[in-house]
Amino acid sequence: MTRTFVALLLPPAWIEYLGAVTERLREGTSGMSWVKSGNIHVTVRFLGDLGDSGVKRASDGILRTAASLEAPVARLGGLGAFPSLTRPRVLWMGLSEGEEAVRAAGNALVDGLRLAGFGPPEKPFRPHMTLARVREGARGLDAIRTATLPAPPPAEPLDRIAVMKSELHPAGSRYTALTEVRLRPPGGTAPTPSRPGSNSES
């Protein structure tokens, strides 16, 4: 069985920026599990443990849906948290531009997965990027709430969607792209599959 999820992958400039932001925010904190910058992504839908046939259905559904999608253009925004910044359990970064376009693309992919036999998701798709998980008794949260962040990089298209495998390792979760497709730019040609790769979370 393969622990599987679908994600929008981030441009290199976003990954670099988020790495710098997390390094700044983690100073003076304790009790927080920070996501390695190379592992940060926009989760479209978590699919759980799938057999080979399930992974193939997910990949086929994503490829079919991606054929009609243009890459949404978006820009990184500010910090948020679930359930709230005053009582955070998950710290995340949202979007200041393009959230509706990203939401529309994500919902189209969720619909494609539903048509592929995965049924409706438990929660609506809400675009965000998880930066850290907050443990009970964590310290330094006030500094995070009042932190001034550097200006984010310019808006870019989110043009890579992947069916990902998640594996637990002593050093953290490792993510591997099982199927990846590049969405077309506005007015561009159809998307093409690209080579899978892997990374790991500390």
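The values are calculated or read from the model by the stated rules, or taken from the named source; none is laboratory data. Small disclaimer: the values here were computed from a predicted structure and weren't measured. Note that we place each Cβ from the backbone using ideal geometry, even for glycine, and neighbour counts take in every protein chain shown. For accessibility, only protein heavy atoms count, side chains too; no ligands or nucleic acids. Shrake-Rupley method; radii C 1.70, N 1.55, O 1.52, S 1.80 Å.
Tell me the net charge near A138. Cut-off is 15 Å between Cβ atoms, A138 excluded, with +1 for each Lys or Arg and -1 for each Asp or Glu.
Here the charged neighbours net out to +4.
Whole number in Å², please: accessible area per residue of the chain, 1.4 Å probe, ligands, DNA and RNA not counted.
51 Å²
Report the residue, chosen from A66, A155, A58, that carries the largest GNM mean-square fluctuation when the chain is represented by alpha-carbon nodes joined by springs under 10 Å.
Most flexible of the set in this elastic network: A155.
Give me the mean projected area, in nm² to one decimal, of the convex hull enclosing the Cα positions of the stretch 22-81.
Details: hull surface 26.7 nm².
The Cα convex hull of the stretch 22-81, projected and averaged over all directions, gives 6.7 nm².
Give the carbon-plus-sulfur fraction of the accessible surface of the chain in %, rounded to a whole number; probe 1.4 Å, heavy atoms of protein chains only.
Of the solvent-accessible surface of the chain, carbon and sulfur hold 51 percent.
Pick from P150, P72, P186: which is most flexible by mean-square fluctuation in a GNM of the chain where alpha carbon atoms under 10 Å apart are linked?
Of P150, P72, P186, the Gaussian network model singles out P150 as fluctuating most.
Below 8 Å, C-alpha to C-alpha, sequence gap of six or more: please give me the relative contact order for the chain in percent.
This gives 30 percent for the chain.
When only the heavy atoms of the protein chains count and the probe is 1.4 Å, how do D111, D159, D52 rank by accessible area, highest first?
Descending accessible area places them as D52, D111, D159.
Per-residue accessible area for K56 at 1.4 Å probe radius, Å² rounded to 10?
Around 120 Å² of this residue is reachable by solvent.
Along Cα→Cβ, 7 Å out, is where each label goes; now give me the distance between the ones at E100 and S33 in nm to one decimal.
About 3.7 nm, to one decimal.
For every other residue with a beta carbon closer than 11 angstrom to the beta carbon of E70, add +1 if it is Lys or Arg and -1 if Asp or Glu, then tell me the sum.
That sum, taken over residues with Cβ under 11 Å, equals 0.
For n ≥ 4 DSSP H runs only, could you compute -39500 (n - 2.57) per run for the chain, divide by its residues and tell me the 222 nm figure to the nearest 500?
Rounded to the nearest 500, it is -8000 deg cm²/dmol.
Just to be sure I understand: with springs between alpha-carbon atoms less than 10 Å apart, which residue in A105, A143, A162 has the highest mean-square fluctuation in the Gaussian network model of the chain?
In this elastic network of the chain, the residue with the biggest mean-square fluctuation among A105, A143, A162 is A143.
Would you please give the FRET efficiency between K56 and R174, computed as 1/(1 + (r/R0)^6) with r the Cβ-Cβ distance and R0 = 25 Å, to the nearest 0.05?
0.70
Put R184, R139 in order of accessible area, largest first, 1.4 Å probe: what do you get?
Greatest to least solvent exposure: R139, R184.
Modelled label-to-label distance, L149 and S68, 7 Å Cα→beta-carbon offset: nm?
With each label placed 7 Å out from Cα toward Cβ, I get 3.3 nm.
What aspartates and glutamates could a cross-link reach from K165, if we take a straight Cα to Cα line under 16 Å and drop same-chain neighbours fewer than 8 places away?
D49, D52, D60, E180, E201
At q = 0.15, 0.18, 0.19 Å⁻¹, what is the log10 ratio I(q)/I(0) for the chain, with the Debye formula run over Cα points and no solvent?
Values returned for q = 0.15, 0.18, 0.19 Å⁻¹ are -0.95, -1.32, -1.43.
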